[in-house]
Ligand code: NAD
């Protein structure tokens with residue numbers, strides 16, 4: 001398809017002489033080559049978004065909603081094709097890719113509906129001759145940077161609320177997954193989005209484009225999803241102009257299983273969410289805390305389930321663990337596992353990279369279970385972003401809450417207990433933005449997603465996600 005080779009600027013598909021290759025992480029095959037843009041393309045795209053802002057921001061919410069609704073329908077109609085592209089480009093098994101496309105489409109539909117509900121307020125004044133009116137208006141041109149691990153849904157989670165609010169946008173996808181972003185922009189184009197309202201710049205070297213995003217005065221807001229290190233850097237670069245910034249960053253999620261929980265149900269939940277996307281999710285449980293009374297039964301069920309997981313090319317039906325994104329990711333996981341084993345962790349399953357045969361050209365690591373994990377191990381502190389489950393035992397409620405909160409991150413946490421009072425206490429005591437109580441999927445287009453502390457600023461999805469793209473304007477009327 002012609003559009004697969006292009007950036008999208010001012011409603012036009014743009015080619016460049018410089019291109020870079022996109023490879024399948026399961027096979028090492030080059031799938032496609034895409035334009036290698038630079039800061040000049042970012043500037044062009046920002047100019048286009050700035051020129052389109054006046055008419056898009058003054059279009060009715062109903063008109064904006066209609067485009068998003070059409071984009072939703074197109075995405076659903078193309079679900080299978082998009083999911084296959086996602087699996088080839090990013091690696092997750094096809095079933096997970098289908099779920100991601102649905103999740104991505106949900107943002108288009110939800111924000112199409114919510115665009116019509118940006119209500120203002122009137123506020124009673126202490127003065128009889130005064131009236132206050134509050135109105136919410138779009139911020140202006142938005143610059144967005146998205147990661148490779150959820151390359152379709154992270155795009156719509158930013159683009160849909162920005163467009164619903166009346167903002168225009170320039171997006172830079174991750175260099176590993178530009179094809180999914182191009183496919184989303186193809187949908188927006190076909191849905192009738194006016195020229196310049198949403199623009200896409202692909203590049204192999206993100207730094208110059210990021211610099212333009214952070215320093216161009218026409219950009220009023222930066223929204224970023226990715227690592228904490230890069231999020232901090234971009235936030236610093238955007239600070240001199242006081243741009244509004246939203247950051248969805250790394251996580252180090254605790255998964256707490258109290259001894260009144262059903263260990264089988266908890267082990268099933270933990271194995272499903274830990275190995276989702278091969279552990280490459282910001283809400284992936286990184287530290288599985290199990291109360292000593294049910295430790296053995298938990299480990300047994302958990303390990304049995306993990307040992308049955310088959311790694312491979314996500315297009316094969318029985319595969320439930322895809323490849324890691326690149327060789328560096330395999331090395332990071334190996335380093336954490338070797339360090340843990342050296343310091344006394346017990347290996348129950350996996351524990352090594354997968355190589356040879358079908359694994360020879362991809363980046364695979366065996367799904368791994370470690371217990372007896374302790375505070376002195378790298379895996380206890382660092383985000384893993386890979387298929388390694390680290391099990392830590394605990395004795396009391398106070399002890400586990402303290403251990404769970406002992407991190408700079410604050411994105412997601414999970415609690416398994418049948419005790420309602422304990423669940424409520426834990427919900428209140430854990431310093432994380434998203435808490436799943438006996439629930440491994442506390443996410444939805446309608447629910448606020450985001451972290452505390454070094455996991456980020458702001459929220460995506462829900463009313464909060466729309467508010468990130470709105471300015472508050474107060475009118476004080478003397479009558
Ligand atoms: P990353 O920070 O390296 O890359 C993320 C994005 O930032 C990519 O598009 C990349 O090209 C871009 N980038 C990198 N350096 C840049 C620069 N100097 N200027 C501008 N852009 C730059 O992170 P990653 O390895 O791609 O993604 C994994 C991280 O993302 C993990 O830490 C994960 O937890 C986090 N993540 C968070 C969420 C969330 O919602 N909180 C969701 C997905 C991923």
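Odds and ends about this structure:
- Cα-based helix-to-principal-axis angle, 420-429 vs the chain, degrees rounded to 10: 60 degrees
- Ranked list, fewest to most other Cβ atoms within 10 Å of each Cβ, for 408, 348: 408, 348
- Each label point was placed 7 Å from the Cα along the Cα-to-Cβ direction; for residue 55 and residue 77 their separation is 2.4 nm.
- In plain terms, if you count all Cα to Cα distances in region 68-145 and split them into 5 Å steps from zero, the share in each step is 3, 13, 14, 13, 14, 10, 9, 7, 5, 4, 3, 3, 1, 0 percent.
- Between residue 395 and residue 40, the modelled labels are 6.8 nm apart [label points 7 Å from Cα along Cα→Cβ].
- Multiplying the residue separation of residue 343 and residue 327 by 0.36 nm and subtracting their alpha-carbon distance yields 3.3 nm.
- The reciprocal of the average 1/r between distinct C-alpha atoms defines the Kirkwood hydrodynamic radius, which for region 1-146 equals 18.8 Å.
- Ranking of 29, 398, 431 by neighbouring Cβ atoms within 10 Å, starting from the fewest: 398, 29, 431.
- Once the Cα-Cα distance is subtracted from the 0.36 nm per residue extended length, the residue 358 to residue 21 segment shows a gain of 119.1 nm.
- Cβ crowding within 10 Å ranks 309, 424 as 424, 309, fewest other Cβ atoms first.
- Crossing angle, helix 61-77 versus the chain [Cα axis fit, 0-90 degrees, rounded to tens]: 40 degrees
- Gain on full stretching of the segment that runs from residue 478 to residue 117 - 0.36 nm per residue minus C-alpha separation: 127.2 nm
- Take the Cα of residue 446, step 7 Å toward its Cβ, do the same at residue 335, and the gap between the two points is 4.3 nm.
- Residues of region 452-479 falling in the label zone of residue 129, defined by backbone nitrogen less than 11 Å from a point 7 Å along Cα to beta-carbon, are 478-479.
- Here region 125-169 is scanned for amide nitrogen atoms under 16 Å from the site 7 Å beyond the Cα of residue 241 along Cα-to-Cβ, giving 139-145, 168-169.
- Rounded if a/c under 1.5, otherwise prolate or oblate - region 31-97, Cα gyration tensor axes: oblate
- In the chain, the longest principal axis of the Cα atoms and the axis of helix 228-238 are about 20 degrees apart.
- Overall form of the chain per C-alpha gyration tensor (a/c, 1.5; a/b vs b/c): oblate
Only the coordinates and a few stated rules stand behind these numbers; no lab work does. Only a predicted model underlies this, so the values are computations on that prediction, with no experimental measurement involved. Backbone-built Cβ (ideal geometry, glycine too); neighbour counts: all protein chains shown.
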